[in-house]
Amino acid sequence: MEKQFLLPANILLPKKDAHLWSVIACDQYTSEPEYWEKVKETVGCAPSALNIILPEAYLSDDDSEKIKKINQTMNDYLSDNVFKTIENSIIYTQRTLKNGKVRKGLVGLIDLEDYSYKKGAKTATRATEETVLERIPPRVEIRKDAVLEIPHIMMLIDDPQNTVFGCVEATGALEKVYDFTLMQNAGSIIGYSLPSDYITNVQNALLELSKNSADGLVYAVGDGNHSLATAKECYKMGKGSRYALVEVVNIHDNSLEFEPIYRVLFGADAKSVMADFVAWCGGEYFGEDAQKFTCVYGEIEKEISVKGKGTLCVATLQTFLDGYIREKGITIDYIHGTDSVRQLCKNENTLGFIFEGMGKSDLFKAVSQDGSLPRKTFSMGCADDKRFYLEARIIK
């Protein structure tokens, strides 16, 4: 039997109040806890994915009690009959974004045996960005005893002819399994359960993509790589399933826009950092291949121009920052959106870097040739367009 790159699952969905159930990925708004406070206020006492995830805005040195509560809540939701089960299915999603564009996805299982987050791996599923190993153990603590997985993982395929989603878009009436507005002005989403013959068509199209791939690359992880790496580690430990629930999206989807993820430094002397960065790059440089950065601090915005030490602006900057912030005791956050950067940088001793991002057409080539990109290189859309937690699956 030929390899299948997307498998159906018994997918759990909330029986009611999907608007209150579905919340944004845990790694969003990490420096803006007020966002999560609004989510808490909206959810109230209703069953919600909020109660079975741990937003990174709330991470601390000891989250053991929070994790125990999350695991207990998962069990409670199962025993309280919170879910309905869509059996042996792949779900076709249509996410209407804030700008009105519609992003299409397929939610199903991938095989973790086909995935590696190590740089240079030649597996069918690969990380697009450097994996921060220190971020995996805390996530393992959450997942290793969890009875459910509820993912925000998004996998990208390079399908310029739209062969995979063409199998779905050309179909007639499908069974609608959800249709609701997402909270915090994040658009809306519709989901349809695919019948078995359509699933077969999707699987065959993915198989053809794999055969046409120069080095066997089928999936590049677009979002949630650390969550996927955690699933892989738990599987290797014998603490979880061999499969992971993900959403597959075509990188050529018209709604998909790559945006840079900016850097904001806290506890920094802005002028000193900028001077040290320029000096590290060999001084100011204004040639045609110059890399330019807009530095934001207080009400000031200053452009610096340097000769890059990497193909991408973000590679040059991150290489500098990796050692520098440790030496200087500076903390860093990765921020989506220029407005958020400017707002954060109004605070004292805060410096933001805004720069040009990578085009999405370059991603698969870069992963095949270079193995992976610097961590937090790109974001697929603004923060509010990130994947929301919705579908769940029993893993124990």
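The values are calculated or read from the model by the stated rules, or taken from the named source; none is laboratory data. This structure is a prediction, so every number in the text was calculated from the model and none was measured. Please note: Cβ atoms are built from the backbone with ideal geometry, for glycine as well, and neighbour counts cover all protein chains shown. Surface accessibility is based on the protein's heavy atoms, side chains included, excluding ligands, DNA and RNA. Shrake-Rupley method; radii C 1.70, N 1.55, O 1.52, S 1.80 Å.
Some observations on this one:
- LYS16 vs. criteria of a type in the set (D, E, K, R) and at pLDDT 95 or above: no
- With respect to the conditions (1) touching a helix residue (DSSP H, G or I) at 6+ places or on another chain (Cβ under 9 Å); (2) open to solvent by less than 50 Å² (accessible area, probe 1.4 Å), GLU56 lacks only one, and its number is (1).
- ASN250 being in contact with a strand residue (DSSP E or B) (Cβ under 8 Å, 6 or more places away or on another chain) and not acidic (Asp, Glu): yes
- Pairs with Cβ under 8 Å, 6+ apart, first in region 249-276 and at positive phi, second part of a loop (DSSP other than H, G, I, E, B): GLY267/GLY329; GLY267/ILE330; GLY267/ASN349
- Any hit, region 167-179, residues being out of contact with any strand residue (DSSP E or B) (no Cβ under 6 Å at 6 or more places or on another chain), surrounded by 14 or more Cβ atoms within 10 Å (Cβ to Cβ) and either more than 18 Å from GLY191 (Cβ to Cβ) or in contact (Cβ under 8 Å) with a residue 40 or more places away in the chain (or both): no
- The residue of region 205-221 that is modelled with the lowest pLDDT, among those that are touching an Asp or Glu at 6+ places or on another chain (Cβ under 9 Å) and not aliphatic (A, V, I, L, M), is SER213.
- Verdict on THR85 being out of contact with any Asp or Glu (no Cβ under 6 Å at 6 or more places or on another chain), open to solvent by 20 Å² or more (accessible area, probe 1.4 Å), assigned to a strand (DSSP E or B) and under 18 Å from ILE11 (Cβ atoms): yes
- Of all the residues in region 15-46, those that are in a helix (DSSP H, G or I) and either under 27 Å from VAL132 (Cβ atoms) or open to solvent by 50 Å² or more (accessible area, probe 1.4 Å) (or both) number 11.
- Restricting region 365-382 to residues that are of a type in the set (A, V, I, L, M, F, W, C) and crowded, with 20+ Cβ neighbours inside 10 Å, the residue that is modelled with the lowest pLDDT: MET380
- All of LEU265, LEU207, LEU217, LEU182 fail the test of being more than 30 Å from ASN347 (Cβ to Cβ), touching a helix residue (DSSP H, G or I) at 6+ places or on another chain (Cβ under 9 Å) and of a type outside the set (Asp, Glu), apart from LEU217.
- In region 334-344, the count of residues that are under 22 Å from ILE153 (Cβ atoms), touching a strand residue (DSSP E or B) at 6+ places or on another chain (Cβ under 6 Å) and in a loop (DSSP other than H, G, I, E, B) is zero.
- Scanning region 100-114 for residues that are more than 17 Å from VAL218 (Cβ to Cβ) and open to solvent by 20 Å² or more (accessible area, probe 1.4 Å) returns GLY100, LYS101, VAL102, LYS104.
- Within region 250-309, the residues that satisfy the criterion of being modelled with pLDDT of 95 or more and among the β-branched types (Val, Ile, Thr) are ILE251, VAL264, VAL273, VAL278, THR294, VAL296, ILE300, ILE304, VAL306.
- Within region 227-261, the residues that satisfy the criterion of being part of a helix (DSSP H, G or I) and open to solvent by 10 Å² or more (accessible area, probe 1.4 Å) are SER227, LYS232, GLU233, TYR235, LYS236.
- Per-region count, region 215-225, residues surrounded by fewer than 22 Cβ atoms within 10 Å (Cβ to Cβ) and either in a helix (DSSP H, G or I) or touching a Gly at 6+ places or on another chain (Cβ under 6 Å) (or both): 0
- Residues of region 263-284 that turn out to be part of a helix (DSSP H, G or I) and among the β-branched types (Val, Ile, Thr), as a count: 2
- Pairs, first more than 12 Å from PRO8 (Cβ to Cβ) in region 194-207, second of a type in the set (S, T, N, Q) and part of a helix (DSSP H, G or I), C-beta under 9 Å, six or more apart: ALA205/THR163; LEU206/THR163
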